[in-house]
1. Residue by residue through the range 114-125, note down the ones that are within 17 Å of Ala66 (Cα to Cα) and either under 16 Å from the mean Cα position of the chain (by Cα) or without any contact (Cβ under 8 Å) to a residue 60 or more places away in the chain (or both).
2. With the condition kept exactly as written, say whether any residue in the range 60-71 is part of a strand (DSSP E or B), exposed (fewer than 13 other Cβ atoms within 10 Å of the Cβ) and at pLDDT 95 or above.
3. In the range 208-238, which residues are at pLDDT 70 or above, of a type outside the set (S, T, N, Q) and in a loop (DSSP other than H, G, I, E, B)?
4. Any residue at all in the range 84-98 that is out of contact with any Ser or Thr (no Cβ under 7 Å at 6 or more places or on another chain), assigned to a helix (DSSP H, G or I) and under 26 Å from Glu217 (Cβ atoms)?
5. Can you name every residue in the range 54-68 that is of a type in the set (S, T, N, Q) and within 19 Å of Arg99 (Cα to Cα)?
6. Give Thr80, Thr52 a once-over and let me know the one that is touching a residue at least 40 places away in the same chain (Cβ under 8 Å), under 19 Å from Lys138 (Cα atoms), touching a Cys at 6+ places or on another chain (Cβ under 7 Å) and among the polar types (S, T, N, Q).
Amino acid sequence: MKLKQTLLAFAIMGACTLTAQAQLKINTKTIGSAAKAVQAATLSNEDVVAYTKEYITWMDENNPVAPANDELAKRLANLTKGLSSYDGLQLNFKVYLVRDVNAFACADGSVRVCAGLLQAMSDNEVLGVIGHEIGHVKNQDSKDAFRTALLTSALKEGVSSQGGTAAALSDSQLGEVSEKIANMSFSRKQESQADDYGYKFLKDNNVNPWYMSMAFERLVELSGGGAEAGFTKKLFSSHPDTQKRVAEMAKKAEKDGFKKPE
């Protein structure tokens, strides 16, 4: 059975009344027994990336991807022009026409931005969020989180393989991985490092890095001012010092001589 729900603990989330009414879909089928041909501990980085590609393919097939002529797709394409190859990463970007104020990036370089985020934030704020998410990929956080999800859920009994190649995940395995990821979160240190990466990402792309702080401020506003409100609860539950993160990014911008945009 498929359920509609907000996805990914490492996504940016909020609450807002939006044109797009659907929410992100994940597959929540339960898994039987995994094959035991190879011990899960031998799961290589290449296997993790291969499984990530399967996962994002499923996500793209089961969520409404904005066509190229959609206004939000055009906007994202314009924002990310020239970023398909960035900092040693091969990136690809798509918009999901769902109401979640949400974005996430996977270990294979896939970056997905929900309509809710684009509708709730300015272009430069969106870029700050994208930079933050890319930071999780560059810092290996996304890969490590996905590996953990694989080893503690779908592949907990082993990795099936043929000729040394990890076998494709079944629908039910993808579902279990999705559920596991939805209940994960990054550490405060990982989030802080991703914040710093997002800040540098804005500077590298000639955008005032104040927008990193402003993006977080916007998320707090969308949460109703509280870290435990609405869709933001998952994001802020392990990071109750979000206001501190806002201040840290603002202080960093001031120290670097940037003025806060009007």
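The values are calculated or read from the model by the stated rules, or taken from the named source; none is laboratory data. As the structure is a prediction and not an experimental result, all values here were calculated from the model. Neighbour counts are summed over all protein chains in view; Cβ atoms, including those assigned to glycine, are modelled from backbone coordinates with ideal geometry.
1. Cys114, Ala115, Gly116, Leu117, Leu118
2. No; the residues of the range 60-71 include none that is part of a strand (DSSP E or B), exposed (fewer than 13 other Cβ atoms within 10 Å of the Cβ) and at pLDDT 95 or above.
3. Hit for the range 208-238 is Pro209, nothing else.
4. no
5. Passing the criteria: Asn62, Asn63.
6. Values: Thr80 fails: touching a Cys at 6+ places or on another chain (Cβ under 7 Å).
Within the list Thr80, Thr52, the selection yields Thr52.
Yes or no, residue by residue, for (1) charged (D, E, K, R); (2) at pLDDT 80 or above; (3) surrounded by fewer than 23 Cβ atoms within 10 Å (Cβ to Cβ):
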{"position": "Val177", "(1), (2), (3)": "no, no, no"}
{"position": "Asp196", "(1), (2), (3)": "yes, yes, yes"}
{"position": "Asn206", "(1), (2), (3)": "no, yes, yes"}
{"position": "Glu248", "(1), (2), (3)": "yes, yes, yes"}
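A quick yes/no check of all residues on (1) more than 17 Å from the chain's Cα centre (by Cα); (2) modelled with pLDDT under 95; (3) crowded, with 19+ Cβ neighbours inside 10 Å:
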| position | (1), (2), (3) |
| --- | --- |
| Ile26 | no, yes, yes |
| Lys29 | yes, yes, no |
| Thr57 | no, yes, no |
| Ala77 | yes, no, no |
| Ser84 | no, no, no |
| Leu89 | no, no, no |
| Lys94 | no, no, no |
| Asp100 | no, yes, yes |
